[in-house]
Amino acid sequence: MRFPLVIWDFDGTLADSLPNAVRIFNRLAAEMGFQPLYDLTAARGMSTRQFLRQHGISFWRLARLVRRYQAVAAEEADQLKLVAGVAATLVQLAAAGVRMGVLSSNREDNIRRCLRANQVEEHFDFVVGYPRLFGKAKALKRILRAQRLPKDRILYVGDELRDVEAAHKVGITVAAVTWGFHTADLLRSGNPDFVVDNPSALVTIAGLEPRSAVG
C-alpha cells in the first residue's frame, strides 16, 4: 500500500457537521457580538482568515470563540452522523491494515463520542484535538515524530484550505475532500495532491483495490 497511515480531519471530513456548525456559529454570534453567517455559499469560498475578517472576529477573540464553540458542540457530539460513505471507507482501509488517526481543531472527547456513537472508534489508533485553528502544522509535526514513518507514507485528509496548507508545511501528502466546508475551487487554490469527491476514492489513493462497500 502507498499510505500505511491516514490521518483524518474531523468536522466536515469524517463528521457531517456543517449544518450543526452553522447553527452553533450563529448562536454564538448573538452571544459574542460578531456577524452571523447568512450566506453559506459565499462563506464556503472564503479562506479561514477571510471568513474571520468578514464576520468581525479578531484574532484576540478567536481563542474564546473556539472554546465556546467546542463546549456547545459537546452537547450533541454523540448525535452527529458521519459523512455518507465514510464508514464503509474506514472499514475497507482498516481491513487492509491501514492505520488511522484523527487530527482536528475540535476536542478529543467530542471526537471520540461521535466516533463511538457511529461505531467506528476502533478503527483509529489515535485522536488528537488541537484547538488552535492555525496550529495544525505544529500538531502534525508532533504526530510525525511519534509515528516514525517516512513523510511520503502518510496521507492527511481534510476539507479546508488550512488543512492543505498545514500538510504542505510539514511535507506530507494531502487529499482535499469536497463534501466539507470549503469549495473545490478554493481547495484547488492550495494545490492539494488529490481532490476527492467521494470517500471511496480514498481507498484507491491509499494504494488498495476498491471493493464493494461494507459496514
Item checked: Test result for Tyr156, under 19 Å from Thr89 (Cβ atoms), within 13 Å of the chain's Cα centre (by Cα), buried (at least 17 other Cβ atoms within 10 Å of the Cβ) and of a type in the set (Ser, Thr, Tyr) -> yes
Notebook entry, point to check: Which fully enclosed helices (runs of 4 or more DSSP H) of segment 1-87 have 3 or more residues being in contact (Cβ under 8 Å) with a residue 60 or more places away in the chain?
Noted result: 18-32, 59-74
Margin query: Restricting to segment 175-209, and then to whatever is part of a helix (DSSP H, G or I) and among the polar types (S, T, N, Q), can you tell me which residue is farthest from Pro4 (Cα to Cα)?
Written below: Ser189
Checklist line | Residues that are over 20 Å from Met100 (Cβ atoms), among the polar types (S, T, N, Q) and without any contact (Cβ under 8 Å) to a residue 40 or more places away in the chain, drawn from segment 179-211 | finding: Ser189, Asn191
Checklist line | Those residues of segment 103-128 which are under 16 Å from Glu160 (Cα atoms) and either out of contact with any Ser or Thr (no Cβ under 9 Å at 6 or more places or on another chain) or surrounded by fewer than 20 Cβ atoms within 10 Å (Cβ to Cβ) (or both), in sequence order | finding: Leu103, Ser105
Next item on the list: Would you mind telling me which numbered condition in (1) outside any helix (DSSP H, G or I); (2) aliphatic (A, V, I, L, M); (3) at pLDDT 95 or above Ala213 fails?
Entry: (3)
Check: Taking Leu155, is it outside any strand (DSSP E or B), outside the structural domain of Met46 (by TED's automatic domain parsing) and out of contact with any His (no Cβ under 9 Å at 6 or more places or on another chain)?
Finding: no
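The values are calculated or read from the model by the stated rules, or taken from the named source; none is laboratory data. Worth saying up front: this structure is predicted, and the values here are computed from it rather than measured. Cβ coordinates were reconstructed from backbone atoms using ideal geometry, including for glycine residues, and neighbour counts include every protein chain displayed.
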